[in-house]
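The structure under discussion appears below in the form of structure tokens.
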Amino acid sequence: MSALTALNAEVVACRRCPRLVEWRERVAREKRAAFRDQDYWGKPMQGFGDPGARILVLGLAPAAHGGNRTGRIFTGDRSGDFLFASMHRLGLANQAESVSRDDGLALRGAYVVAAVRCAPPANKPTPEERENCAPWLEQEVSLLRDLHVVVCLGGFAWESALRLRAMLDGDAIPRPRPRFGHAAELEGVPWTLLGCFHPSQQNTFTGRLTPGMMDAVFARAVELAR
């Protein structure tokens with residue numbers, strides 16, 4: 001068993017946050033009408049992708065009826081459709097769709113993970129819940145030894161990556177605190193941060209994030225990864 005596989009087994013068994021445990025399991029029981037005949041995952045979310053990744057894609061948390069239903073990050077929802085379509089166009093995924101754990105999706109040189117591993121109510125984890133999940137993120141990223149760049153999907157992921165980088169490198173977060181923005185770039189050790197608006201429907205339906213904008217971020221990530 002690989003170290004990543006062993007770690008992911010520990011992640012899936014986690015029950016550190018009572019509020020998140022109650023919510024993810026309630027959603028899995030009550031279900032959305034469109035998915036009433038499906039068995040929901042209803043557990044914490046492990047990372048997914050290439051163990052030799054040079055690019056890490058860091059999201060906020062699983063969607064209640066996306067990853068929390070299918071058991072794979074950014075799978076079975078519109079955000080995942082938008083994300084993996086872009087990664088496919090940039091050669092980081094073998095297909096553009098992500099609908100289930102057994103749909104054949106494979107990532108090339110990239111790994112996707114969430115800062116918080118359980119679906120939170122209203123998609124808003126608390127600071128305490130983020131801190132409870134931080135050790136999982138630190139352990140998982142430490143096993144991805146070839147990383148060169150972290151693409152942060154949204155401000156929550158950016159903040160989590162700043163904290164993680166400070167933890168791994170032993171230095172304080174820079175002052176003034178680096179601000180998140182789309183296409184924001186922050187060099188440093190052990191890897192560069194790239195900001196990208198989250199591919200939520202709120203952003204993609206309104207045009208705040210377009211396919212071209214996301215492609216440009218991933219094109220820059222590929223350039224830095226080389």
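Throughout, read-outs are computed from the coordinates displayed, never taken from laboratory work. None of the values given here were measured: they were computed from a predicted structure. Cβ atoms come from the backbone with ideal geometry, glycine included; neighbour counts cover every protein chain shown.
What share of the DSSP beta bridges in the chain is antiparallel, in percent to the nearest 5? Kindly include the intermediate steps, with their values, before the conclusion.
Working: 5 of 19 bridges.
Given both bridge residues lie in the chain, the antiparallel proportion sits at roughly 25 percent.
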As an exercise, use a Förster radius of 25 Å and the Cβ-Cβ distance of residue 167 and residue 22 to find the FRET efficiency, rounded to the nearest 0.05.
0.30
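What number comes out for the charge environment of residue 130, summing +1 per Lys or Arg and -1 per Asp or Glu over other residues with Cβ under 10 Å away? Numbers along the way, then the final one.
Working: positive: 163; negative: 128, 129, 131, 159.
Net of charged neighbours comes to -3.
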Spatial separation of Cα centroids for the range 23-49 and the range 105-157, in angstrom:
19
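Taking the number of other C-beta atoms within 10 Å as the exposure measure, put 74, 35 in order starting with the fewest.
Working: 74 28, 35 13.
Placing the least packed residue first, the sequence is 35, 74.
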I'd like to know which of 184, 203, 114 lies farthest towards the positive end of the charge dipole of the chain, counting +1 on Cβ of Lys and Arg and -1 on Cβ of Asp and Glu.
203
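Quote the charge dipole size of the range 130-223 about the Cα centre in Debye, to the nearest 20; the model charges only the Cβ of Lys and Arg (+1) and of Asp and Glu (-1).
Values: 9 positive and 11 negative charges, 68 e Å.
That gives a dipole near 320 debye.
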What's the extension gain from residue 100 to residue 215 if we count 0.36 nm per residue and subtract their Cα-Cα distance?
39.1 nm
Note, residue 143: beta-carbon cut-off 15 Å, +1 each Lys/Arg, -1 each Asp/Glu, net -3
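Antiparallel versus total DSSP beta bridges in the range 38-163: what percent is that, nearest 5?
On the way: 3 of 12 bridges.
Given both bridge residues lie in the range 38-163, the antiparallel proportion sits at roughly 25 percent.
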Using a simple charge model, +1 on the beta-carbon of Lys and Arg, -1 on the beta-carbon of Asp and Glu, nothing else, what dipole does the chain show about its Cα centre, in debye to the nearest 20?
460
Dipole magnitude of the range 29-131 about its Cα centre, charges +1 at Lys/Arg Cβ and -1 at Asp/Glu Cβ only, in debye to the nearest 20?
60
